[in-house]
Amino acid sequence: MLPNLLFGLAAGTLADRGNRARLLALVRLLALPPALGLAWLSAAQPESVNVWLLVVLAFGTGCATVFDMPARQALVLDTVARDAAPNAMALNATASRLATAVGALLAGALIPGAGLPAAFVLAAATFALAALVGLLIRPATRGSTVALTARPTFTRAMRDALRLIADIAEVRILVAAAIACEIFGFSYQTAVPVFARDVLGAGAEGLGTLNAATSLGGALGLVTLALVPGRIRRQPILGLVFVAFGVSILVVAPSHSMQVAAAALLVTGACAASFDVLQQTLMQLAVPEAHRGRAVGLWVLSIGSAPVGNLEMGAVVAAFGAPAALAINGGLVLLAAVLLLAGAPSYRLAPRILYDRATSRRESEQ
């Protein structure tokens with residue numbers, strides 16, 4: 001996750017300065033070496049494995065991911081009209097989450113029989129296929145031409161991206177919420193493997209089930225989000241999701257059965273996926289067209305706080321156990337959500353602000 005912090009802003013700037021479809025294909029190809037390196041490392045004798053080599057390969061995987069996100073998310077809005085953006089973003093994220101759920105189940109089934117290297121080889125093959133598919137994308141809307149015609153210097157473009165935080169209140173709110181949720185919310189993933197082993201007594205198959213439940217929940221949440229009419233404002237939905245995120249982690253903490261934990265993580269996955277796509281959508285809609293890649297880059301930079309959350313969660317797990325760590329962080333997520341709702345009324349689920357006033361005005365005029 002560290003590359004998000006180091007390269008998030010640069011990745012967003014790059015997405016605004018070049019052909020996003022080609023950049024996306026290139027990034028997928030650059031993800032091949034880390035995946036193949038992990039396959040080789042997992043096939044080596046345990047005594048010859050150096051943990052720092054594993055860290056380097058993980059860092060390489062993170063670098064590929066950080067340059068993927070701004071290009072991919074901005075490319076989604078390049079292909080649709082602006083008023084369809086929330087639904088398009090949710091639909092794109094739904095496909096991604098469904099694939100992740102299938103991948104988790106495949107890995108859980110493949111590892112016991114074929115071994116860990118086979119799972120990484122399959123991942124590498126998937127990256128290669130994704131690169132080929134990416135080359136077929138042909139954006140048709142003006143968003144793609146903005147990126148090609150407005151080309152300030154790279155340094156100037158990065159400074160402009162940072163100014164978005166100072167100039168646009170909506171961006172500041174979303175960045176703060178992203179950092180809080182990333183540190184205390186998304187770090188639950190660090191505790192789940194330990195929770196599965198120590199509390200549930202589960203092996204690779206059980207962990208695969210929990211991961212699949214999280215991904216499937218994400219897919220279900222995003223399908224629901226994709227079906228929400230465009231006239232419904234997304235800010236109040238994000239506020240509701242933020243609260244539910246904290247509550248769901250609190251439910252996972254005391255569970256002692258695979259069924260209860262999987263059901264709770266289904267909700268957690270739905271909240272996590274919905275929170276992500278709502279943030280990405282609102283960030284892009286809050287800025288001018290020419291800055292959409294950089295807006296996603298700011299979101300990526302914000303979630304670069306993940307290493308802090310991972311280290312914090314790991315330390316609390318080591319000191320007090322996975323259930324206590326999940327309970328503590330779930331409570332902190334809930335607190336952050338309450339602070340957001342208290343400080344930003346537009347994120348409260350109130351009927352008078354649920355509908356987009358501009359959309360309602362257009363409908364009444366028609």
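The values are calculated or read from the model by the stated rules, or taken from the named source; none is laboratory data. Just so it is clear, the model here is predicted, and its values are computed rather than measured. Counting neighbours? That spans all protein chains shown, and the Cβs are built from the backbone with ideal geometry, glycine included.
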Checklist entry - What residue, of Val223, Val260, Val243, Val175, is over 21 Å from the mean Cα position of the chain (by Cα) and β-branched (Val, Ile, Thr)? => result Val260
Next on the checklist: Only one of Val300, Val287, Val260, Val296 is assigned to a helix (DSSP H, G or I), surrounded by fewer than 23 Cβ atoms within 10 Å (Cβ to Cβ) and of a type outside the set (Phe, Trp, Tyr). Can you tell me which?
Outcome noted: Val260
Next on the checklist: Can you say whether Ala180 is modelled with pLDDT under 90, of a type outside the set (Lys, Arg) and closer than 23 Å to Val300 by Cα, as far as the supplied structure shows?
Outcome noted: no
Checklist entry - Conditions: (1) in contact (Cβ under 8 Å) with a residue 40 or more places away in the chain; (2) part of a helix (DSSP H, G or I); (3) farther than 30 Å from Pro46 by Cβ. Val80 meets all but one. Number of the miss? => result (2)
Next on the checklist: Against the definition (closer than 28 Å to Ala213 by Cβ, out of contact with any helix residue (DSSP H, G or I) (no Cβ under 7 Å at 6 or more places or on another chain) and assigned to a helix (DSSP H, G or I)), how does Gly62 come out, yes or no?
Outcome noted: no
Item to check | Among (1) surrounded by 15 or more Cβ atoms within 10 Å (Cβ to Cβ); (2) in contact (Cβ under 8 Å) with a residue 12 or more places away in the chain - the single one Ser96 does not satisfy | outcome: (2)
Checklist outcome for this item: Of (1) at pLDDT below 90; (2) touching an Asp or Glu at 6+ places or on another chain (Cβ under 9 Å); (3) of a type in the set (S, T, N, Q), Ser187 fails just (1)
Next on the checklist: Residue under question is Ala131, and the condition is that it be surrounded by fewer than 20 Cβ atoms within 10 Å (Cβ to Cβ), in contact (Cβ under 8 Å) with a residue 40 or more places away in the chain and among the small types (Gly, Ala, Ser); does it hold?
Outcome noted: yes
Checklist entry - Val80: surrounded by fewer than 17 Cβ atoms within 10 Å (Cβ to Cβ) and over 15 Å from the mean Cα position of the chain (by Cα), yes or no? => result no
Checklist outcome for this item: Note: among Leu36, Leu9, just one is surrounded by 19 or more Cβ atoms within 10 Å (Cβ to Cβ), in contact (Cβ under 8 Å) with a residue 40 or more places away in the chain and part of a helix (DSSP H, G or I), namely Leu9
Next on the checklist: Just checking, does region 41-55 include any residue being over 30 Å from Ile232 (Cβ atoms), of a type in the set (Phe, Trp, Tyr), under 19 Å from the mean Cα position of the chain (by Cα) and assigned to a helix (DSSP H, G or I)?
Outcome noted: no
Checklist entry - Any residue at all in region 319-331 that is part of a helix (DSSP H, G or I), within 14 Å of Val241 (Cα to Cα) and modelled with pLDDT of 85 or more? => result yes
Checklist entry - Among the residues of region 170-191, which ones are free of Cβ contacts under 8 Å to residues at least 24 places away in the same chain and assigned to a loop (DSSP other than H, G, I, E, B)? => result none
Item to check | One residue from Ser302, Ser274, Ser364 being at pLDDT below 90, among the hydroxyl-bearing types (Ser, Thr, Tyr) and under 22 Å from Arg233 (Cα atoms) | outcome: Ser364
Item to check | Residue check, Gly309 under 18 Å from the mean Cα position of the chain (by Cα), buried (at least 23 other Cβ atoms within 10 Å of the Cβ) and modelled with pLDDT of 85 or more | outcome: yes
Next on the checklist: Just to be sure I understand, how many residues within region 194-241 are small (Gly, Ala, Ser) and either within 14 Å of Thr100 (Cβ to Cβ) or in contact with a Phe, Trp or Tyr (Cβ under 6 Å, 6 or more places away or on another chain) (or both)?
Outcome noted: 9
Item to check | For Asp16: the one exception among (1) touching a Lys or Arg at 6+ places or on another chain (Cβ under 7 Å); (2) free of Cβ contacts under 8 Å to residues at least 40 places away in the same chain; (3) of a type in the set (Asp, Glu) | outcome: (2)
